[in-house]
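Scroll down for the structure; my scribbles are underneath it.
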C-alpha cells in the first residue's frame, strides 16, 4: 500500500497530452465563470492589486523629484511605466496560498486528489490560469485610466510586447510551483507560516516589487538574478517597458524556462518524499 500511495498520479499513456490539455481548458473555463459570477471579489482584487503599485509609485516619484528628476536613470515617467505594468503583472501572478496545502494534508483531504489521474499541481495551474485571463481582461479599463493619469514613459517595440505576453505563462507557472513547494512542506511541519513568511520577504525584496532590480545594490542584484523571483516578476515588466535588447529578452525567456524545469523537478522530489510520509501517517 505504501508503494502505491507513493506513486505520483499519472495521466493514461494514450492521449495523455490531449487529456491534460482538456483538463486545463475545462478548469480554466470554470475559473473564468467563477470570476464573472463573483464580480465583487474580482473588483476587490483589482482595487488591492492596483493600490499596492500606486503607493510604491508615489514614493518613488517623490524620491525622483527630490533628486533632480531621476534615480539612477529612472525618471518619473519610467517609474510610472514600471508600476503601472506592475499592477497588471501582479494581478496575473496571483496563485493559491501555500496554506491550502496545509489544510489538505492536516484534514486528509489530499487523499481525494491522489485518486485523480493527474498531479494536483496541474489543477492549481489550470485554476489560476483561468483566473489570470479573467483578471487581465477586467484590468484593461483600469490600466487605461492609470496611463492617462500618470503618463508612463514606455520604450516598447512589437518584439517586446510579444516577449511580455510569452513571459507571463512561465512566470505564473514559476510562482505556482514555488507556492506549491512551500505548501508541500506541510508533509513534515504542523505549521508552515514561518517558512512561507521567510519566502515572502525574499520575494518582496528580490522580485522587483518594492524596489526595481536595477536600483538594488550590486550584491543584491547578483543574488536577485541567481534566484527565480526576478525572472518571474520583474522580467516581464522590464520586457514591456524597455529599453531592453533582443539578447536580454531571449536570455530572460531562457532563464524563465530553466527555472520552470528546476522548480518542477524540485516539486516532484518534494512530492514523492512527502506523499510517502502522508501515506504512512494517514493510510
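Any read-out appearing in this document is the output of simple, stated calculations on the displayed coordinates, not a laboratory observation. Treat the numbers as computed from the prediction; the structure is a model and nothing was measured. Ideal geometry is used to build each Cβ from the backbone, glycine not excepted, and the neighbour counts take in all protein chains shown.
Residues within the reach of a label modelled at residue 66 (point 7 angstrom out along Cα to beta-carbon, backbone nitrogen below 20 Å), restricted to region 179-216, are 210-212, 215-216.
Counting other beta carbons within 10 Å of each Cβ, put 278, 113, 150 in order, fewest first.
On the way: 278 22, 113 15, 150 19.
Ascending number of Cβ neighbours within 10 Å: 113, 150, 278.
Backbone N atoms of region 186-210 closer than 17 Å to the 7 Å Cα→Cβ label point of residue 97 belong to residues 186, 190-201. Taking 116, 177, 46 in turn, the Gaussian network model of the chain (Cα-Cα springs below 10 Å) assigns the largest fluctuation to 116.
Would you mind ranking 216, 34 by Cβ crowding within 10 Å, fewest neighbours first?
Working: 216 19, 34 15.
Going from least to most buried by this count: 34, 216.
Subtracting the Cα-Cα distance of residue 210 and residue 153 from 0.36 nm times their residue separation leaves 18.6 nm of extension gain. Classified by the C-alpha gyration tensor, region 90-181 has a prolate form. Its axis ratio a/c, with a ≥ b ≥ c, is 1.5 or above, and a/b is larger than b/c. Taking the C-alpha atoms only, the angle from helix 16-37 to the longest principal axis of the chain is near 60 degrees.
Okay, helix-only estimate at 222 nm for the chain: each DSSP H run of n ≥ 4 adds -39500 (n - 2.57), divide by all residues, round to 500 deg cm²/dmol; what do you get? Could you put the intermediate results ahead of the total?
On the way: 13 runs with 217 residues, N = 283.
Rounded to the nearest 500, it is -25500 deg cm²/dmol.
Quote to one decimal, in nm, the extra length available between residue 22 and residue 113 on full extension: 0.36 nm per residue of separation minus the C-alpha distance between them. Working shown, then result.
Values: separation 91, 0.36 × 91 = 32.76 nm, distance 1.77 nm.
Between residue 22 and residue 113, full extension yields an extra 31.0 nm.
Taking the Cβ-Cβ separation of residue 251 and residue 277 as r and a Förster radius of 30 Å, what is the calculated FRET efficiency to the nearest 0.05? Spell out each step's value before the answer.
Values: r = 39 Å, r/R0 = 1.30.
Once rounded, the FRET efficiency stands at 0.15.
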